Every structure is written in C-alpha cells, then in structure tokens.
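The structure appears right after this line, and notes come after that.
Nothing in this text is a laboratory measurement; each read-out follows from the coordinates by a stated rule. In this text, all values refer to a predicted model and were calculated from it rather than measured experimentally. Cβ placement follows ideal geometry from the backbone for every residue including glycine, while neighbour counts extend to all protein chains displayed.
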Amino acid sequence: MIINIVAGSDFNYQILKLHPADITIGVDYGAYQLLERKLSLDYAFGDFDSISEEKLEKLIISGVKINQYQSEKDNTDTELALSFALSLNPEVINLFGVTGKRLDHFLSVIYLFNKVIETNSKMYIYDDYNKIYLLKPGKYKIMKSAYHYISFFAYHNEVNNLTLRNFKYELTNHFLNNHDSLCISNEIIGLTGVLEFEQGVLLIVESRD
C-alpha cells in the first residue's frame, strides 16, 4: 500500500500524478487544496487554523473523513497524519507540501523520519526540486533521474564504511559523521550509482536547480 500525505505548503500539484497512491491524506490547508483541485482525498487531519470556517465546511460537506484537533497540542498536524498512516502498515509514505517557507516546520518533518526508521515502511519527501529519504545499512543502486545532484548526510550520529561507485566523487570506506559536508552535491555518472555502507542511517537528498 502507498499513502500520500499532502500538507499546506505550495508545490506543483502535478507531481502527485507521478506518485499514485491507495490512500491520500490532506493536512490542514493541504486537504482543502486537494478538494478544490478535485484530486483524491480520503482523510483530512489538522486543527484547520489555516483555513476559514467556510472552507472547513466545504471539507465537511464533501464527506471526507475528518480528524480535527485543538490548535494547542503536543504534535504537529503532519505528525498526527503520519502516525495514522503508519498504523496502516504501508510500504511507502510520500510527503508533499512540507518544504515551504517555515524552516521550523520543515525541520520537524525531517525529524519525523525517526518514527519510520524502526518500521517496515519507507518515507519520501517530495517538492518541485527535491526528493529526500533515508537508507539503512546495505548495498543500493540509485538510478540517474531528473534530479541532477545527490547529497549524503549522516542521520543521527555517523555512517561507517560509506562507499560510492559510479559517482563524480567516489569514496571507499569513508567514515561520515553528522557534521561532515564532504558528500554534498555529488552526481551520478552513467545510468546508475552504487552506494554501500555498514552502519548508521543515511539521509539522502536528490535535488535539481
């Protein structure tokens, strides 16, 4: 099962057509945007403080399953939606509309990867210019795509024995700590890049200008 979670930051909604899902969850203003664009919407989560009562009424009338919360709460709207999505044990969760103007909100989403690491689900963040995800230890092939650049960061502490092949800047058994900028703005040479590491969690950002 694939679940799309769409929050309220601006992005090109055409991206959703590239990532069809079994269930789509709208978060706050993102739910209203999906409704207005006549796109798939199964659940709406949030305190809905970013939309008017009239827009909220439209959501209610539409028949979408609404989970409304108080504005003062311990979890962000996106975290509440993600927790619900994880309870359904999906293979993939895609997040959209979470990389907007508010850097504090974006950083909170990056830390939400912690909720996914110990599950069998994979989570991806998409916007017009970036694809962000985690990898656990192992050997992987990454296909060259429309994202020209690829950067690697140690998520949590450190990544041991990071090896990169078929990249512009190759590495062999590199120790990558969480303040190391060596692995920013690399590029895949040819059709496929190969990466391998033995310990830690790798945060990957594929991006384009």
Worksheet entry | Of (i) 57, 32, 30; (ii) 47, 42, 34; (iii) 76, 46, 30, the label for Cα extents along the principal axes in Å derived from the coordinates | (i)
Discussion item. Compute the angle between helix 53-62 and the longest alpha-carbon principal axis of the chain, please, reported from 0 to 90 degrees and rounded to the nearest 10.
Written reply: 90
Worksheet, complete the sentence: Tilt, helix 77-87 to longest principal axis of the chain (alpha-carbon atoms), in degrees rounded to tens, equals 80
Response to the item:
Given Cβ charges of +1 for Lys and Arg and -1 for Asp and Glu, the option among S9, S181, S83 whose Cα lies farthest towards the positive end of the dipole of the chain is S181
Worksheet item: Given +1 on the Cβ of Lys and Arg, -1 on the Cβ of Asp and Glu, and no further charges, what dipole in debye does the chain carry about its Cα centre, rounded to the nearest 20?
Response: 760
Fill in: Cα→Cβ-extended label distance, 7 Å offset, between E36 and E170, nm
5.1
Fill in: Counted charge near N94, where neighbours are those whose Cβ lies closer than 12 Å (Asp, Glu -1; Lys, Arg +1)
-1
Worksheet entry | Length added when fully stretched, E118-S185, from 0.36 nm per residue minus Cα-Cα | 21.3 nm
Worksheet item: Just how far, in whole angstrom, is region 181-208 from region 3-60 if you go by their alpha carbon centroids?
Response: 32
